[in-house]
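Student: Quick one: the structure is below, questions incoming.
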Amino acid sequence: MNGRSWLRLSAAAFLLVATYPVAAQTGGRPAEPLTLEQAWVLATAHNKEIQMQRRQVALSTELMKDRQNERLPRVTTSGSYAYLGGLTAFEPYAGLQNPEAREVPPSPHAYRVGLAADWEVYTGGRIDNQIATQAINEVLETERLALTASEVRLRVATAYLDVQRNREYQALTANNVKESERRLKQIQSLFKNGVVLRSDLLRAELQLSRQQLLLTEIGNTITLTNQRLNLLLGTREDQANQLAPVTLPTAVLDNPYADYFGQAQSKAPELRVAGLQTRLSELRLENTQVSKRPQVGLFTGYAYTYPNRLVFPNVSQIYGVGEIGVRVSYNITARWLDRHAEKAAEIGIERQRIGQEKALDDKRQEVKTAYVRYQETLERIRIAEQSIGQATENYRIVNRTYFNQLALLTDLLDADNQLLQARFDLVTAQTLAATHYYQLQKAIGLL
C-alpha cells in the first residue's frame, strides 16, 4: 500500500472513529449498519496487531536517525577532583632505605576540567553499512505493516461474513421452527381424531426439539463470532454489531491464473519482504569487510588543570593546554580471524535466496488455491440454487401426500430436513465465494 492510500485510509479512519467507536465504547448503537469497508477502517485504526507493527515502523525510523548521527563528531566534557598525599621519594639503588619526604605537590587539592571532541572520519564503510542496513529495516517493517494490515482485513472479512452467515442460518432455522410448530399442531389434531399414531406425534415433537436446539446453537455461534469480530476491530467484545448486507461476488473470473500471479509478483508484500531480507543478508556480508580496512579519526581537546604537573616540583598554578591530532588504526589479524564470519554471511545469503524462492512458491500456491476455490464455489452456488428448487417441490409433494394419508411422517421430516439443508448449502456457498474472493485479493496484494 502506497503513501497516498495510507493517507486516505487514515482520513477515513478519523471520520469513522468520530462516530462508530464512540457508540461502541459507550454501549450505544451506530445510527447506520456497519459495512465491511467501515469494519476494515476500524481495524486499521484500532487493531492491536496493526498498532504494534505501526510502532515497530516508528521504532525503525528512530533507529535510522540514530545511525545517521554516528557521522557527527562526539563532544564530551569532564571534570575531576582529587585529594593528594605527600610525596615520598627514594634514592636510586637504595631500595626502601632512607626515604625522603617532600612536599610535592604544594597543595593536596587537584582539579581538572576539560572539553574533548572525537570524529570518526573514515571507518571502512561501517557507518554507511549500518545506515543502509537500518534504512532497509525501515522499509522492511513498512512492508510488514502492509502485510499485517492485509492479513487483518482478511480475518475481519472472514469474521464479518461468518456473523452474517450464521444470522442467515438463524433466520432460516427460526422460519423452520415456525413451520414445525404449525405442522405439530396439525398432527396433534389428527392424533386426537385417531387419524395418526402416537409415534407420528412423538416424531414431530422430537423434530421440533432438535430444531429449537439448533437455533440455540446458532445463537451461541453468533455470540462467539461477533466477539471475534469485535476483538479484531478493537471495540468492546460484547458490542452488538448491526451489519450491512455484503454484495456477494458471483461473477466468473475474467483473467487467467497467470495474470493474477503476475499481479501478486509485483504487489504482494510477502514477496517484497523476502527480497528485503535477502538484501539485509548481503549487507551483513559487506559488514564483514569493514574490519579489514583502516580506521581514521580526528580528535581534539582542551583542559584546565591544577596544580601544574608538567614541571617538577609541581607548581601551584592553573594551566590550560589543548591538543589536536589524527588517529589511524588497522586490525592486522582481521583478515584471518573474520573468515568464519564472512563464510557465515555467505551462507546466510544463500539461505535467504532459497527462502525468497520458497516465498514465491508459497505465493503461487496461495493464488492458485484461491483462484480455483472461488470458481468451485460459484459452481456450488449454482447447484445449491437448483437443489433448493428441487427440495421445495419435494417438500410440497410429500407434505400434501402425508396429510392425505398417502406418505409416512418420516418421509415428510426427511423432506423438511433436506429443504433446510439445501437453504443452508446456498448460504454456505455464497459465503465461501466471498471468502475465497477476498483471499484472492489478499494473495495478489489488493486487499
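Student: Go over the candidates 278, 333 one by one and state the one that is among the polar types (S, T, N, Q), closer than 30 Å to residue 72 by Cα and either surrounded by 17 or more Cβ atoms within 10 Å (Cβ to Cβ) or touching a residue at least 12 places away in the same chain (Cβ under 8 Å) (or both).
Tutor: Being among the polar types (S, T, N, Q), closer than 30 Å to residue 72 by Cα and either surrounded by 17 or more Cβ atoms within 10 Å (Cβ to Cβ) or touching a residue at least 12 places away in the same chain (Cβ under 8 Å) (or both) holds for just one of 278, 333, which is 278.
Student: To continue, here is another question. Check off (1) in contact (Cβ under 8 Å) with a residue 60 or more places away in the chain; (2) part of a strand (DSSP E or B) for residue 352 and give me the number that stays unchecked.
Tutor: So the condition that residue 352 fails would be (2).
Student: Separate question: Could you tell me whether residue 413 is within 27 Å of residue 365 (Cα to Cα) and either under 25 Å from the mean Cα position of the chain (by Cα) or in a helix (DSSP H, G or I) (or both)? Steps first, answer last, please.
Tutor: Values: within 27 Å of residue 365 (Cα to Cα): no; either under 25 Å from the mean Cα position of the chain (by Cα) or in a helix (DSSP H, G or I) (or both): yes.
It is false that residue 413 is within 27 Å of residue 365 (Cα to Cα) and either under 25 Å from the mean Cα position of the chain (by Cα) or in a helix (DSSP H, G or I) (or both).
Student: Consider residue 284 carefully, then state whether it is surrounded by 15 or more Cβ atoms within 10 Å (Cβ to Cβ), out of contact with any strand residue (DSSP E or B) (no Cβ under 7 Å at 6 or more places or on another chain), of a type in the set (D, E, K, R) and over 30 Å from residue 367 (Cβ atoms).
Tutor: Considered against the rule, which asks whether it is surrounded by 15 or more Cβ atoms within 10 Å (Cβ to Cβ), out of contact with any strand residue (DSSP E or B) (no Cβ under 7 Å at 6 or more places or on another chain), of a type in the set (D, E, K, R) and over 30 Å from residue 367 (Cβ atoms), residue 284 comes out as yes.
Student: Could I ask something else about it? Looking for whichever is β-branched (Val, Ile, Thr) and outside any helix (DSSP H, G or I) here; the options are 156, 195, 163. Which one fits?
Tutor: Criteria check complete, one pass: 195.
Student: Which residue, of 205, 179, is among the acidic types (Asp, Glu), surrounded by fewer than 16 Cβ atoms within 10 Å (Cβ to Cβ) and under 21 Å from residue 410 (Cβ atoms)?
Tutor: 205
Student: Quick check, is residue 248 among the aliphatic types (A, V, I, L, M) and touching a strand residue (DSSP E or B) at 6+ places or on another chain (Cβ under 9 Å)? Break it down into steps so the answer makes sense when it comes.
Tutor: Values: among the aliphatic types (A, V, I, L, M): yes; touching a strand residue (DSSP E or B) at 6+ places or on another chain (Cβ under 9 Å): no.
No; evaluated as a whole, the condition is false for this residue.
Student: For residue 225, are the conditions met, namely being surrounded by 13 or more Cβ atoms within 10 Å (Cβ to Cβ) and either in contact (Cβ under 8 Å) with a residue 24 or more places away in the chain or closer than 23 Å to residue 430 by Cα (or both)?
Tutor: Yes; evaluated as a whole, the condition is true for this residue.
Student: Of everything in region 402-447, what is within 20 Å of residue 167 (Cβ to Cβ), touching a Leu at 6+ places or on another chain (Cβ under 8 Å) and of a type in the set (D, E, K, R)? Give them in sequence order.
Tutor: Selection gives 423 alone.
Rule-based calculations on the coordinates, nothing more; no lab input. Since we're looking at a predicted model, the values are computed, not measured. All Cβ positions, even for glycine, are placed from backbone atoms using ideal geometry, and neighbour counts span all protein chains on display.
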